[in-house]
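I have placed the structure first, in the form of structure tokens, so that the comments after it can refer back to it.
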């Protein structure tokens, strides 16, 4: 090996070594944080901190509601409803539900295909209308151009994966971030039991603009503590989770009521940790 080549490789190897050390230190930091969660409650999550920044910069005021309550003070109805809605096999898997991920990928692929076909139909209709225009008047009276709806993307993330993302990660959807989410999910499952994972999740998940945790949600929507939520009230809160800010402004949503009834019917067969 020539001296010139060695001179090029040494800085590169040094850089790679520094990157490996940085990655190792980051993982050790996460391990330490998760270890503390066995006895201490997290003061805030990465998602909550990003929301504080967004809300303050958007409105100039901080709207924040969160009250941590012990696991025993959260209604079993809410625990069953959230597991039924978000992660039916929560007590059985080790953090990842491959079957749910496979179903989600299939639904997303089908949704993208439907969106593509709709876009092609709209483009064909627009071209046909354009070719049929004969006068300026007819052009002015032509219907507005339609835009294909974006495909509805469904997730297959488990409760543990959602917690890992909310606790530590940004909202970016990159392969690197997804890989880190996987590592954190496995660490959470290895170091915390299912009850603790669900307790931290229910006390930190978003339920509306500046509303975090089961107790704040129960007080905001039903004026009662989380311990006293009925099956239907719990089911409605569970259905809100994928889009809490959307449903907060649509309390009379037919989908919300219908889906909540479905969740109530399925809750009896769900085990809680």
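The values are calculated or read from the model by the stated rules, or taken from the named source; none is laboratory data. It should be emphasised that the depicted structure is a prediction, and the values quoted were computed from it without experimental measurement. As a convention, Cβ positions derive from the backbone with ideal geometry for all residues, glycine included, and neighbour counts pool all protein chains shown.
Farther than 22 Å from residue 188 by Cα, out of contact with any strand residue (DSSP E or B) (no Cβ under 7 Å at 6 or more places or on another chain) and not assigned by TED's automatic domain parsing to the domain that holds residue 201: does that describe residue 62? Answer is no for this residue. Exactly one residue among 261, 252 is more than 13 Å from residue 207 (Cα to Cα) and at pLDDT 95 or above, and that residue is 261.
Residue-level check: of (1) more than 18 Å from residue 206 (Cβ to Cβ); (2) within 25 Å of the chain's Cα centre (by Cα), residue 47 misses just (1).
Scanning segment 94-106 for residues that are under 24 Å from residue 262 (Cβ atoms), modelled with pLDDT of 75 or more and either surrounded by 15 or more Cβ atoms within 10 Å (Cβ to Cβ) or touching a strand residue (DSSP E or B) at 6+ places or on another chain (Cβ under 7 Å) (or both) turns up at least one hit.
Per-residue answers, yes or no, for (1) buried (at least 23 other Cβ atoms within 10 Å of the Cβ); (2) on the phi < 0 side of the Ramachandran plot; (3) in a helix (DSSP H, G or I):
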| position | (1), (2), (3) |
| --- | --- |
| 184 | yes, yes, yes |
| 190 | no, yes, yes |
| 198 | yes, yes, yes |
| 209 | no, yes, no |
| 217 | yes, yes, yes |
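Checking every residue in segment 177-193 against the condition of being more than 23 Å from residue 240 (Cβ to Cβ), at pLDDT below 85 and assigned by TED's automatic domain parsing to the domain that holds residue 91 gives at least one match. When segment 263-273 is limited to residues that are in contact (Cβ under 8 Å) with a residue 12 or more places away in the chain and part of a helix (DSSP H, G or I), the one that is nearest to residue 48 (Cα to Cα) turns out to be 263.
Every residue, every condition in (1) over 21 Å from the mean Cα position of the chain (by Cα); (2) closer than 22 Å to residue 189 by Cβ; (3) assigned to a loop (DSSP other than H, G, I, E, B); (4) not assigned by TED's automatic domain parsing to the domain that holds residue 196, yes or no:
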residue: 20; (1), (2), (3), (4): yes, no, no, yes
residue: 23; (1), (2), (3), (4): yes, yes, no, yes
residue: 29; (1), (2), (3), (4): yes, yes, no, yes
residue: 32; (1), (2), (3), (4): yes, yes, no, yes
residue: 82; (1), (2), (3), (4): no, yes, no, no
residue: 90; (1), (2), (3), (4): no, yes, yes, no
